[in-house]
Amino acid sequence: MSYRTSATTALLLLTALNFLNYIDRNVLYAVQPLIQHEFRLTDTQVGFLTSAFFVCYMVASPLITPLADRYSRRWIIALGAFVWSAATLLSAVTHNYDELLLRHVIVGIGEATFVAISPALLADLYPEQIRGRVMGLFYLATPVGSALGYIVGGYLGHRYGWRAPFMISALPGFVLGAAVLGLREPARGASDHVAESFERGSLRGLLRNKAYWTITLGGAMMTFAIGGLQVWMPTFLVRVRQLPLERANTIFGVMTVVSGTVATLLGGWIGDRLLRRTPAAYQLVSGVGMALAIPAIVIAIYNHGPAMFPAIFIGEFFLLLNTAPLNAAMVNSVSARIRATALAVNVFTIHALGDAFSPWLIGRISDHSNLETGLTSMIAAVALSAVVLLYGMRFAPEIKAEQLATGI
């Protein structure tokens, strides 16, 4: 198998596994009202399911992922896939809130072994100048996989009960996890061209890496907003806008697929093109996208008329426009020597400050006022993300012009 074929195979296989990662995660949100009704849960309890998931997810990541800087990444990724698929399957046989909570956090532990390691492996297969497009394809799973979770969960949950989607969505993970073991392990740093430095290449230097930390903090606020949107928007459409459950999940799922697909691929392409003009291209695209999302989110939450659905679509589009460039900027901000560990610290930080507590916080506010008020917290997070990312442009690492000229 040629190097190019091997790289393409790895990209497609890891992208497929990333799709399942988000499907398994978002099935819960699609059937959330059904679970809430059966177990008689408060909004705070429902929000805590996701918060607990991300707490375990973000704690497990920096504990497990540093092993990927020293040992085979294929085996770690495959093991994670087996764990989260088994836990998703077991979610179908829960009989109370505590059992559901336990199985959901195990899903988070399994997914933590995949999310930080896979981008580091892909960065060793593709050079800096095309990583926007590579990350665009890989992170296409974020909107499309999430949307499929809503659609599959809503369709099967409405017809066969909320347990059926967990059984169906879990099975492919075992197959793809086994397929990962057949991938060729690339040499660490094989595709890097940015000059080594203390800040980019050592764990002590990482503390002083301003490019890395502005990307991480901006990403945390983005994660806060997206986490709240994913968990609560179907419930918002059912409870506040009075839509039937299946229709709410279908509409939100289709909008997420369309807006997310176009935005994720377009964001990566624009970032790669602008990289020829400025080394801060990825931060620029991400920051502008976050700023443009603000007015749409305001309309989506507070407008009761026909403008609500276009506003949800536009808000999601600009939120997800930054997915590929922000992750490309992240892998470019550190060298291969510490990349998996740095990504694990990034995962911990963005979830600790983001969606580890935003679903719980929104649910808590909703219990004491209403869901519209709870969702308002997303607006402040998006605005702060835009400011931090645009400020971080000045710290982007330089890439030589002759290297950019060889981009695909």
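Per-residue answers, yes or no, for (1) open to solvent by 10 Å² or more (accessible area, probe 1.4 Å); (2) free of Cβ contacts under 8 Å to residues at least 24 places away in the same chain:
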{"site": "Thr341", "(1), (2)": "yes, no"}
{"site": "Ala344", "(1), (2)": "no, no"}
{"site": "Ile350", "(1), (2)": "yes, no"}
{"site": "Ser358", "(1), (2)": "no, no"}
{"site": "Ile365", "(1), (2)": "yes, yes"}
{"site": "Met378", "(1), (2)": "no, no"}
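Checked against (1) farther than 21 Å from Gly267 by Cα; (2) touching a residue at least 40 places away in the same chain (Cβ under 8 Å); (3) of a type outside the set (Gly, Ala, Ser), Asp98 passes all but a single condition, namely (2).
Selection of first residues in region 279-298 that are at positive phi and of second residues that are assigned to a helix (DSSP H, G or I) and open to solvent by 10 Å² or more (accessible area, probe 1.4 Å), restricted to Cβ pairs under 8 Å at least 6 apart or on distinct chains, gives an empty result. Checking every residue in region 353-361 against the condition of being on the phi < 0 side of the Ramachandran plot and touching a Pro at 6+ places or on another chain (Cβ under 8 Å) gives zero matches.
In region 1-27, the qualifying residues are those that are within 16 Å of Leu181 (Cα to Cα) and small (Gly, Ala, Ser), and the one that is surrounded by the fewest Cβ atoms within 10 Å (Cβ to Cβ) is Ser6. When we screen Pro325, Pro397 for residues that are open to solvent by less than 40 Å² (accessible area, probe 1.4 Å) and not in a helix (DSSP H, G or I), the only hit is Pro397.
Residues of region 201-228 that are under 27 Å from Thr142 (Cα atoms) and basic (Lys, Arg): Lys210 alone.
Checking each residue in region 276-302 for being open to solvent by 10 Å² or more (accessible area, probe 1.4 Å), out of contact with any Asp or Glu (no Cβ under 6 Å at 6 or more places or on another chain) and over 23 Å from Ile379 (Cβ atoms) picks out Arg276, Arg277, Thr278. Within region 29-44, being polar (S, T, N, Q) and outside any loop (DSSP other than H, G, I, E, B) holds for Gln32, Gln36, Thr44. Restricting region 62-115 to residues that are open to solvent by 50 Å² or more (accessible area, probe 1.4 Å) and under 18 Å from the mean Cα position of the chain (by Cα) leaves a set whose member that is farthest from Pro165 (Cα to Cα) is Ile109.
The helices (runs of 4 or more DSSP H) located wholly in region 339-378 that include 3 or more residues which are under 28 Å from Asp192 (Cβ atoms) occupy 339-352.
The values are calculated or read from the model by the stated rules, or taken from the named source; none is laboratory data. In this text, all values refer to a predicted model and were calculated from it rather than measured experimentally. So basically every Cβ, Gly included, is an ideal-geometry build from the backbone, and we count neighbours across all protein chains shown. Ligands, DNA and RNA are excluded from the accessible area calculation, which covers all protein heavy atoms including side chains. Shrake-Rupley method; radii C 1.70, N 1.55, O 1.52, S 1.80 Å.
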